[in-house]
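Undergrad: Here's a structure for you.
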Amino acid sequence: MSMSSTTSTNNGAMHSNRRSNPCINWIEEAISKRHIKYYEYKNFDNIKEISTGTYGKIYRANWKNSNKYLSLKSFFVRENSTIKEIIHEVKLQRDVDFHNNVIRFYGMTILDQDNEDEQLQKYLLVMEYADGGTLQQYLSRHFNELTWNDKFSLAYQLASAVSYLHEEGIVHRDLNSTSIMIHQNAIKLADFGVSKRIKEASKRQINFGSFPYIDPKLFSNQINKNNPTKIYTLSERSDVYSVGVLLWEISSGIPPYYGIDDDNLHWKIFQGLRENPVPDTPTSYIDLYTDCWDGEPDNRPTMNQVVSRLNNIIVESYKTINDYQTDDFVINVQFKPEDEINVVVDRIVDFIFKLTNEGKEPKFRNKYVLDYINVYNISLKEIYSWLLNNQSNSTSIFLLGYFNYSGIGTKENRDYAFKLFFNASKHNHVLAQYYVGLCYKCGYGIIKNQELAFEYFKKCANKNFAAGQLNLGYMYEHGTDIKGDLKMAVEWYEKASINGNIIASYNLGLCYKNGVGVNANNKKAFELFKKSAEGEYLNGITMLGYFYRNGIGTSINNQEAFHLYQKASYLGDGTAQYNLALMYENGIGIVKDMDQGIYWYKKSSENGFQKSQDRLDELSKIRDRKD
């Protein structure tokens, strides 16, 4: 975020000559020496209160003419202990500021109420604004949209952030779904222990408002209050307990013990009461949060172990990605035994139309089609025989061509496929016209002819068929046997992307990344690669990982880059496998693991990625020198 700031010891908002309080002097000295950026309060626009509490308020505001929102966090200065806690928060924020899953701290501003009594002055922290609200709000609004992989990602980000705090010697002590924010669908840890410490400084009591998340061992203090040697204090393992409850909440979408009205609930939790697993939750995930919320702190895993186990869960989910991708397509199929084969044939062609138009990963399309056909409990032999004997309409002609083109139910025969596509295209069958264009473009079953390919793609594109628009854009971009026109390429890519083609989104992203036919714009490229990746396009997933890894068009996020590379690697992308190996080798976004690094270099090399083989050769020479 680019914002100018003002630093001044003579600023009207800072009356240093009236201050004798050493804590207030510390704040003003830190500002005057530019250890903390100071923002003139008068330069904030559109200030709106978004939450309030006993100890302060949160505002949303714009800095000068910036379109981006910031948060202003206030603390009411009523006693010296509160000022000390503000200073403590500022110091903690500076220590953990660069982690992607922690709310960013930008500086401070001071709201002067024109009153000589310094106790009425408000100090405000200038913070990153979280557009998704709290985790609790986010789950309430979006839970039905979240896949298990989305939930695993949120859980991993949370665990990673808390693990990082622990590595910095910080215990949060108040983790709950209202103290965790969401910004652009990512976890942002906020208020790490500060609000809890302020309450302790002023009231010295437990915050029972969030007791479902609090380590139940703390409740034993009410039993042992007369025995100081048995008083339990919150620790890193207390945060682990809270994370366990939050992992359950992420899996369920509702706060723990929601709707239960029981004055003795906290004692029941102390005695072992826990929430039940949500149906269809993976067993490994249940085991993890169950271990986290164990009643005995010593039995709980460390946060590093939680992060490692979540990573393993995510790896396993990626290994089965092809299965749930197909499920997403076939879930709406409602087959009745009495359906005639001609009805099934129409539906299969509609399904192929959807796969092709959306640009679903070409290497997996045969699997998608076969899984779809299996829903109907009709053998391929039966369908193929029916097609051979029913060539009276363009749909049947096309599907027989597609089966021969793809080697489904028969040996691959693209000469025969082209003839069938060509015959069906005469009846204005848009999918057949598209495949005629593809055959002319690539020389499948016919001699390559770029001009004819262009004409067929143009027919499809003018019918608003996204796959035709994609290929028309490609031909304009590369200008093979036709006059290249980069601006036209961008125009057709954009139309195809708007119509939902994920390959077109990727190609358009490349145009914005490299300034091809359009002014270079990394932020626009990032959004397009993200759209492509969300549609499960392999190149889009890999490129999005590259953008996160290098902070192009977005902030650097090594954890997100790691998981994207990991996902693409299990889908067989050699470039992603190389980048994943690099991250394992250097301990970036994951614990360093040379064995895993070598494993993925080998996988990448097997897929023809030369850099991986070069690195394997270098590592082999290093080992030889050591020997």
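Undergrad: Name the residues in the stretch 254-275 that are surrounded by fewer than 18 Cβ atoms within 10 Å (Cβ to Cβ) and either in contact with a Gly (Cβ under 6 Å, 6 or more places away or on another chain) or assigned to a loop (DSSP other than H, G, I, E, B) (or both), would you?
TA: ILE254, TYR258, GLY259, ILE260, ASP261, ASP262, ASP263, ASN264, GLN271, GLY272, LEU273 - these are the residues of the stretch 254-275 that are surrounded by fewer than 18 Cβ atoms within 10 Å (Cβ to Cβ) and either in contact with a Gly (Cβ under 6 Å, 6 or more places away or on another chain) or assigned to a loop (DSSP other than H, G, I, E, B) (or both).
Undergrad: Separate question: Which residues, taken from the stretch 225-253, are at pLDDT 90 or above and basic (Lys, Arg)?
TA: Scanning the stretch 225-253 gives a single hit, ARG237.
Undergrad: I need every pair where a residue in the stretch 485-500 that is assigned by TED's automatic domain parsing to the domain that holds TYR512 has its Cβ under 7 Å from the Cβ of a residue that is aromatic (Phe, Trp, Tyr), sequence separation at least 6 or different chains.
TA: ASP485/TYR476; MET488/TYR476; ALA489/TYR476; TRP492/TYR476
Undergrad: Hey, could you check the stretch 588-604 for residues that are assigned to a loop (DSSP other than H, G, I, E, B) and either in contact with a strand residue (DSSP E or B) (Cβ under 9 Å, 6 or more places away or on another chain) or not charged (D, E, K, R) (or both) and say which is surrounded by the fewest Cβ atoms within 10 Å (Cβ to Cβ)?
TA: Per the criteria, the residue is VAL591.
Undergrad: So GLU412 passes all but one of these: (1) part of a helix (DSSP H, G or I); (2) under 40 Å from the mean Cα position of the chain (by Cα); (3) without any contact (Cβ under 8 Å) to a residue 12 or more places away in the chain. Which condition number does it fail?
TA: In the conditions (1) part of a helix (DSSP H, G or I); (2) under 40 Å from the mean Cα position of the chain (by Cα); (3) without any contact (Cβ under 8 Å) to a residue 12 or more places away in the chain, GLU412 misses (1) alone.
Undergrad: Check GLN222, GLN184, GLN271, GLN205 and return the single one that is in the same structural domain as ASP294 (by TED's automatic domain parsing), modelled with pLDDT of 85 or more and not small (Gly, Ala, Ser).
TA: GLN271
Undergrad: Would you tally the residues in the stretch 276-330 being of a type in the set (Gly, Ala, Ser) and either at pLDDT below 75 or not in a helix (DSSP H, G or I) (or both)?
TA: The total comes to 1.
Undergrad: In addition: Looking only at the stretch 354-382, count every residue that is touching a residue at least 24 places away in the same chain (Cβ under 8 Å) and within 29 Å of the chain's Cα centre (by Cα) and tell me the total.
TA: 17
Residues checked against (1) over 17 Å from THR356 (Cα atoms); (2) touching a Gly at 6+ places or on another chain (Cβ under 7 Å); (3) assigned by TED's automatic domain parsing to the domain that holds SER392; (4) in contact (Cβ under 8 Å) with a residue 24 or more places away in the chain:
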| residue | (1), (2), (3), (4) |
| --- | --- |
| TYR416 | yes, no, yes, yes |
| HIS429 | no, no, yes, yes |
| VAL436 | no, no, yes, no |
| CYS439 | no, yes, yes, yes |
| PHE457 | no, yes, no, no |
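Undergrad: Could you check PRO362 against (1) within 29 Å of LYS495 (Cα to Cα); (2) of a type outside the set (Asp, Glu); (3) modelled with pLDDT of 90 or more and say which number it fails?
TA: Single failed check for PRO362: (3).
The values are calculated or read from the model by the stated rules, or taken from the named source; none is laboratory data. What you see is a predicted model, and the numbers here were worked out from it, not measured in a lab. Using ideal geometry, Cβ is built from the backbone for each residue, glycine included, and neighbour counts are taken over all protein chains shown.
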